[in-house]
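Engineer: Can you keep this structure in mind? I'll have questions shortly.
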Ligand code: RBF
């Protein structure tokens with residue numbers, strides 16, 4: 001199969017999420033895009049048997065807050081298996097783009113290592129809104145779908161390696 005992006009995933013290789021509990025943190029900046037990503041993630045988790053009760057959705061003001069949200073969720077819900085962080089940062093005229101993207105990518109890595117659970121980076125970092133729409137259900141797939149698949153695969157890997 002041609003692999004241009006993970007949205008072309010092979011459904012037979014995706015583990016069932018029947019027993020999994022997954023958090024989703026969504027940034028409200030560029031909400032039209034982040035809502036489309038979140039819808040893709042939730043639809044995909046439901047498709048792979050994650051129950052409605054086991055999907056915990058929270059919203060944060062902007063992408064910068066995703067790290068804190070993931071940390072809070074994992075700290076306060078011992079049964080959570082993973083958190084998917086969804087945001088969209090669009091390049092502007094000032095340097096905020098670099099600071100936010102760097103903070104989120106590093107922050108998510110730190111939270112994952114601190115809690116020893118997968119924390120998924122579903123952050124669009126684009127030059128303009130067209131590129132973002134292309135990746136939120138447009139011609140380059142839906143990165144929320146890909147985040148959900150990644151979460152399922154990483155949780156299954158963790159359970160396999162820890163023999164749970
Ligand atoms: N948050 C986003 O999720 N996407 C953005 O494109 C974005 N652009 C921002 C631009 C500026 C100049 C500032 C100050 C903030 C921006 N934020 C953006 C919000 C940021 O993630 C965070 O919510 C705020 O900085 C408060 O901590």
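The values are calculated or read from the model by the stated rules, or taken from the named source; none is laboratory data. These figures come from a predicted structure and were not determined experimentally. Ideal geometry is used to build each Cβ from the backbone, glycine not excepted, and the neighbour counts take in all protein chains shown.
Engineer: Among 121, 99, which is the only one that is modelled with pLDDT of 95 or more and more than 22 Å from residue 56 (Cβ to Cβ)? Spell out the reasoning first.
Structural biologist: Numbers: 121 fails: more than 22 Å from residue 56 (Cβ to Cβ).
After applying the criteria, what remains is 99.
Engineer: Go through the residues of the stretch 100-111 one by one and say whether even a single one is over 30 Å from residue 19 (Cα atoms), free of Cβ contacts under 8 Å to residues at least 12 places away in the same chain, within 9 Å of the ligand (Cβ to nearest atom) and part of a helix (DSSP H, G or I). Before you say what the answer is, go through the steps one by one.
Structural biologist: So the first thing to find is which residues in the stretch 100-111 are over 30 Å from residue 19 (Cα atoms), and the list is 100-103.
From what's left, free of Cβ contacts under 8 Å to residues at least 12 places away in the same chain: 102.
If we keep only those that are within 9 Å of the ligand (Cβ to nearest atom) too, we end up with none.
No, the conditions are met nowhere in the stretch 100-111.
Engineer: Let me ask another. Determine, yes or no, whether residue 58 is in contact with a helix residue (DSSP H, G or I) (Cβ under 9 Å, 6 or more places away or on another chain) and outside any helix (DSSP H, G or I). Lay out the reasoning, then the answer.
Structural biologist: Working: in contact with a helix residue (DSSP H, G or I) (Cβ under 9 Å, 6 or more places away or on another chain): yes; outside any helix (DSSP H, G or I): yes.
Yes, satisfied.
Engineer: Out of everything in the stretch 6-38 that is over 27 Å from residue 64 (Cβ atoms) and surrounded by 15 or more Cβ atoms within 10 Å (Cβ to Cβ), what residue ends up being farthest from the ligand (Cβ to nearest atom)? Give the derivation first.
Structural biologist: Our first condition is that a residue be over 27 Å from residue 64 (Cβ atoms); within the stretch 6-38, this holds for 8-20.
Narrowing the set further to residues that are surrounded by 15 or more Cβ atoms within 10 Å (Cβ to Cβ) leaves 9, 14-15, 17, 20.
Values: 9: 26, 14: 28, 15: 30, 17: 27, 20: 26 Å.
Looking at the filtered set, the residue picked out is 15.
Engineer: Which of the residues that make up the stretch 42-64 are within 16 Å of the ligand (Cβ to nearest atom) and either closer than 16 Å to residue 79 by Cβ or touching a residue at least 40 places away in the same chain (Cβ under 8 Å) (or both)?
Structural biologist: Taking the stretch 42-64 and keeping what is within 16 Å of the ligand (Cβ to nearest atom), we get 58-64.
If the condition is that a residue be within 16 Å of the ligand (Cβ to nearest atom) and either closer than 16 Å to residue 79 by Cβ or touching a residue at least 40 places away in the same chain (Cβ under 8 Å) (or both), then 58, 63, 64 are the ones that fit.
Engineer: Filter the stretch 112-127 down to the residues that are within 14 Å of the ligand (Cβ to nearest atom) and part of a strand (DSSP E or B) and list them by number.
Structural biologist: Let us first name the residues in the stretch 112-127 that are within 14 Å of the ligand (Cβ to nearest atom), namely 121-127.
121, 122, 123, 124, 125, 126, listed by residue number.
Engineer: Let me ask something additional. Kindly provide the set of residues from the stretch 72-95 that are touching a helix residue (DSSP H, G or I) at 6+ places or on another chain (Cβ under 9 Å) and near the ligand (Cβ under 9 Å from one of its atoms), ordered by number. Full working, then the answer.
Structural biologist: Just the residues of the stretch 72-95 that are touching a helix residue (DSSP H, G or I) at 6+ places or on another chain (Cβ under 9 Å), to begin with: 74-75, 79-91.
Answer for the stretch 72-95, where residues must be touching a helix residue (DSSP H, G or I) at 6+ places or on another chain (Cβ under 9 Å) and near the ligand (Cβ under 9 Å from one of its atoms): 87, 88, 89, 90, 91.
Engineer: What is the one condition in (1) surrounded by fewer than 23 Cβ atoms within 10 Å (Cβ to Cβ); (2) outside any loop (DSSP other than H, G, I, E, B) that residue 151 does not satisfy?
Structural biologist: (1)
Engineer: Filter the stretch 61-75 for residues that are surrounded by fewer than 16 Cβ atoms within 10 Å (Cβ to Cβ) and part of a helix (DSSP H, G or I) and give the result.
Structural biologist: Taking the stretch 61-75 first, the residues surrounded by fewer than 16 Cβ atoms within 10 Å (Cβ to Cβ) are 61, 68, 75.
Result: 68, 75.
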